[in-house]
Every structure is written in structure tokens, then in C-alpha cells.
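Notes to accompany the following structure.
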Amino acid sequence: MELEYLKWKQYFAQCAGKTERFVAESLKELGAKKCKENYRGVFFEAEEEVLYKIMANVRTVSRILAPFMIFTCHNTKYLYRKIKKFPWENILSEDDSFYIINSSSDSKIKHSLYASQVMKDGIVDRLREIRNIRPDVSSVNPDKTFYIRIRNNKVVAGIDLVGRSLHKRGYRKESTEAPVIETLAAQIAEIVDWKGENELYDPMCGSGTLLAEAYMRAADIPVIKKNEMPTAVFLPGFDKYKWKRFITEAWEKSDDKNLVISGSDISGKAVRAAETNLRELAPNFNWNLKQMSYEDIKDLSNRTIIVNPPYGVRLQDKEEVKRLYGKFGDFLKQCCKGSAVWILTGDKSMSSCFGLRPSKKIPLVNGSLDSRLLKFEIY
């Protein structure tokens, strides 16, 4: 059976809702062809070396998926037969563990968890019959991560090419309340497009995720470690030696020497978390972090400012958030002349509370929150 990804060189970049168009643009910039936006993801075509470039450098997706099979399906019995017919023995070695991620919408098979259970049964039953083995199923560091995606009764089943969620960069050792997920922070960094032309500052830095992702983008740091071997290189159609050369060269190109990045937070615990995380990411970089309220900052003129202030959901008091936003807007007017300010707010109805007119309002999703990224240009 010919694998679908080998036949068409087509893959799927899984991402958060409302970021599909941004992800499509990023994929095109990295050399992908025929990018087609879909629900929470983008289909694209890429040759081997372009795919390596995407795996290492696309920061806004959670997974890169390669389809093994695509078929129409209306019931779980047929799903089981199709899955069991596939030669999983060519993909899983005798000692491999595996895990299945899933999604289902607008289909006769409504429960994605049950669909993944049927897929697991089909894989295990085939390997038991062909090899007389039963592979382990584990959600903790599995050797292979498969996926099943059902939409409009169309099944796409295949494998995660990296083998883990790409939001797990490895630098987040400590956290604070309601941190921004890395892929959303990376999306914000893509939109802000800061390249080191001035100082980057986050006056409510929390555990440092916005600063970390802006740094990774500006310094051209790959999202895959230098010695990491993604699942793809063990599959048909890929070459692990080409991958090793590519990822080594990608890391050698990274450069942070002209970047100036600073942050502060009123919480000492948050600043300590940010210091731990950012030094894990770049131990030799000069991170400038302080414990202080934004109200004590005298001057932030001619900077690029990014900030994720508290939301009403977290404070349980929207009136308090309105007062905070109003005071922060006054601070921007008084202390941030000549700066471009980007604010992520989790309540679009509060965009006017800053007392400033945004030059841009970009819809994003932060967890379950319908959010807005606002740009204010302070004169």
C-alpha cells in the first residue's frame, strides 16, 4: 500500500483556531506549495528538504502530520477494517510504543476518543496476527504518535512527523497563573515582526513566554533541538543524514548578538519564573529582568512593547480590569512616546478601556477566550 504522503507530498500543519491564515503565510515563506486553510490547520505540499525547514522553523503550529490513508467512512466497523488492513508492521518496530491523537467533527462518527480506540484496536490486532506481538500504548514519550482526523465523514489517518507537540520548546521549567501557550506567543511574535531594531520590553512579563518566543524568532532559533531525531527520519521517503546536516546548519545560523530584550513584573515569583525559563532557553544571553510595577517605570519611549495584561476571567472582577486597563493606557500616553505597543486582551469588549485608538485589531484565540491583539502607536 502506497502511503498518501509519499504519493502527493501533502502534509497537514495543525494549529489553533483563527491562526490558519497566518500559518499558511508562514508555510509559504518557508517554501511550501498549495497551502489550503482548513479547520484548525493548513494542508500543504513540500519536498523533503522544504519539509525539514518547516519542521525546524515553523513556530505557530502544534503538530506536522503526514497522512498514511484517506477514505470516506460512516461507521466504526468500516473504520476498523480499513485500519487493520494497513501494514502497520512496516511502521512500528517490535519494541515501539505508540499513542493516538484524535479529532472529529460534522461526521457520523461523532466521538473522536472512540475513533482513536477503534484505530488502536485495528493496529494492535493486525500486529498480533502478523507478528504475534502486542505493542504498548502510552501517552508518555511514545516512540510513534499516530493521529486520526475525521471531518465531514472523511478520515485522514497518519503520523506526527516530529513525534511530539511543537509547543513543547523545552525552556518552560516554571510557570505562573494562566500563561500564554508557546504557539500563541509565537504567533504574536510573527505579527509584531520585531527583528531587533530597538529594545523589546514586556512590563507584565509573567513567566516570560512572550519574550522567549520573540527572542527565538529574532535570533532564528529552531524549535527542534540540535540532537533531536524527529519521527520523520525513520519513515519511508526521508533521510536521517540529510536531517542531521540540515538541523546542524540551522543552529549554526542562529544569532542573538544585536538583540536587547527586557521585562518586568510586579510579582517576584513571576520574575523568578521568567529568569529560570529564559536562562534555560539562552543561558549566555543578557536578559534584563526586574521586579517592579509598570507604574514605577519612568520611560519606555522608542521601544517595541508587548504585553498580556490580566483578564476579567482571571481576576473575577471586570471593573478591576477596566481600571487597570485605564491606568495602563495613561502610562502608555505619558511614558511610551514613539513606541509601538501590542496588547493581547482576552475580552474584545474591553479594547476601548485603554483610552487609546488601536491601529490594528487582530482576532486570536487564547485557550477558550475570543481574544484580540491590539496595536497602539504612541506619539
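Give the residue, chosen from Lys7, Lys28, Lys36, Lys77, that is surrounded by fewer than 18 Cβ atoms within 10 Å (Cβ to Cβ), outside any loop (DSSP other than H, G, I, E, B) and at pLDDT below 95.
Matching residue, one of Lys7, Lys28, Lys36, Lys77: Lys7.
Against the condition over 30 Å from Val341 (Cα atoms) and either of a type in the set (Gly, Ala, Ser) or within 25 Å of the chain's Cα centre (by Cα) (or both), how does Ile188 come out, does it pass?
no
In the set Thr176, Thr183, which member is at negative phi, in contact (Cβ under 8 Å) with a residue 40 or more places away in the chain, in contact with a strand residue (DSSP E or B) (Cβ under 9 Å, 6 or more places away or on another chain) and of a type in the set (Val, Ile, Thr)?
Thr176
Going by the structure shown, is Gly208 among the small types (Gly, Ala, Ser), touching a residue at least 12 places away in the same chain (Cβ under 8 Å) and over 28 Å from Met292 (Cα atoms)?
When the stated conditions are applied, Gly208 does not pass them.
The conditions are (1) closer than 30 Å to Leu127 by Cα; (2) surrounded by fewer than 21 Cβ atoms within 10 Å (Cβ to Cβ); (3) aliphatic (A, V, I, L, M), and Val50 fails exactly one of them. Which is it?
(1)
Please identify the pairs in which a residue from region 312-324 that is at pLDDT 85 or above and surrounded by 15 or more Cβ atoms within 10 Å (Cβ to Cβ) has its Cβ atom under 7 Å from the Cβ atom of a residue that is among the hydroxyl-bearing types (Ser, Thr, Tyr) and not in a helix (DSSP H, G or I), counting only partners at least 6 apart or on another chain.
Close Cβ pairs satisfying both conditions: Val321/Tyr311.
With respect to Glu213, determine if the residue is outside any strand (DSSP E or B), under 19 Å from the mean Cα position of the chain (by Cα) and within 30 Å of Pro358 (Cα to Cα).
Yes; evaluated as a whole, the condition is true for this residue.
Kindly indicate whether any position in region 70-90 is aliphatic (A, V, I, L, M) and under 18 Å from Ala232 (Cβ atoms).
No, that holds for no residue.
I'd like the full set of residues that are in contact with a helix residue (DSSP H, G or I) (Cβ under 8 Å, 6 or more places away or on another chain), more than 25 Å from Glu182 (Cβ to Cβ) and of a type in the set (Phe, Trp, Tyr), limited to region 336-379.
The answer is Phe354, and nothing else.
I'm trying to understand the selection: among the residues of region 130-163, which are surrounded by fewer than 20 Cβ atoms within 10 Å (Cβ to Cβ) and farther than 17 Å from Ile91 by Cβ?
Asn132, Ser139, Val140, Asn141, Arg151, Asn152, Asn153, Lys154
Considering only region 22-29, I want to know if a residue exists there that is among the polar types (S, T, N, Q), in the same structural domain as Ser112 (by the TED database) and in contact with a strand residue (DSSP E or B) (Cβ under 7 Å, 6 or more places away or on another chain).
For region 22-29, residues among the polar types (S, T, N, Q), in the same structural domain as Ser112 (by the TED database) and in contact with a strand residue (DSSP E or B) (Cβ under 7 Å, 6 or more places away or on another chain): absent.
Give region 95-119 a look and list any residue that's in contact with a Lys or Arg (Cβ under 7 Å, 6 or more places away or on another chain) and closer than 22 Å to Arg134 by Cα, or say none.
Asp96, Phe98, Ile100, listed by residue number.
So which residues in region 164-175 are surrounded by 19 or more Cβ atoms within 10 Å (Cβ to Cβ) and closer than 15 Å to Leu211 by Cβ, if there are any at all?
Arg169, Tyr171, Arg172, listed by residue number.
Residue-by-condition table, conditions (1) hydrophobic (A, V, I, L, M, F, W, C); (2) more than 25 Å from Ala250 (Cβ to Cβ):
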site: Glu4; (1), (2): no, yes
site: Lys7; (1), (2): no, yes
site: Phe22; (1), (2): yes, no
site: Arg40; (1), (2): no, yes
site: Phe44; (1), (2): yes, no
site: Tyr52; (1), (2): no, no
site: Ala56; (1), (2): yes, no
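Please go through (1) modelled with pLDDT under 95; (2) over 24 Å from Gln187 (Cβ atoms); (3) crowded, with 16+ Cβ neighbours inside 10 Å for Val271 and return the number of the only condition it doesn't satisfy.
(1)
Looking at Glu295, Glu280, which is the one that is within 22 Å of the chain's Cα centre (by Cα), in contact (Cβ under 8 Å) with a residue 12 or more places away in the chain and in a helix (DSSP H, G or I)?
Glu280
For the condition outside the structural domain of Gly367 (by the TED database), out of contact with any Leu (no Cβ under 9 Å at 6 or more places or on another chain) and within 30 Å of Leu281 (Cβ to Cβ), what is the one hit in Tyr78, Tyr99?
Answer to the selection: Tyr99.
On the basis of being assigned to a loop (DSSP other than H, G, I, E, B) and of a type in the set (Asp, Glu), does Asp330 make the cut?
No; evaluated as a whole, the condition is false for this residue.
Only one of these conditions is not met by Gly263: (1) closer than 21 Å to Leu30 by Cβ; (2) at pLDDT 95 or above; (3) outside any helix (DSSP H, G or I). Which number is it?
With respect to (1) closer than 21 Å to Leu30 by Cβ; (2) at pLDDT 95 or above; (3) outside any helix (DSSP H, G or I), Gly263 is out only on (1).
With touching a residue at least 60 places away in the same chain (Cβ under 8 Å), outside any helix (DSSP H, G or I) and in contact with a Leu (Cβ under 7 Å, 6 or more places away or on another chain) as the only criterion, which of Ile70, Ile64 stands out?
Ile64
When you look at Val271, is it among the β-branched types (Val, Ile, Thr), part of a helix (DSSP H, G or I) and under 25 Å from the mean Cα position of the chain (by Cα), yes or no?
Yes; evaluated as a whole, the condition is true for this residue.
The values are calculated or read from the model by the stated rules, or taken from the named source; none is laboratory data. The structure presented is a predicted model; accordingly, all values stated were derived computationally and were not measured. When we count neighbours, we look across all protein chains shown, and the Cβ atoms used for this are built from the backbone with ideal geometry, even at glycine.
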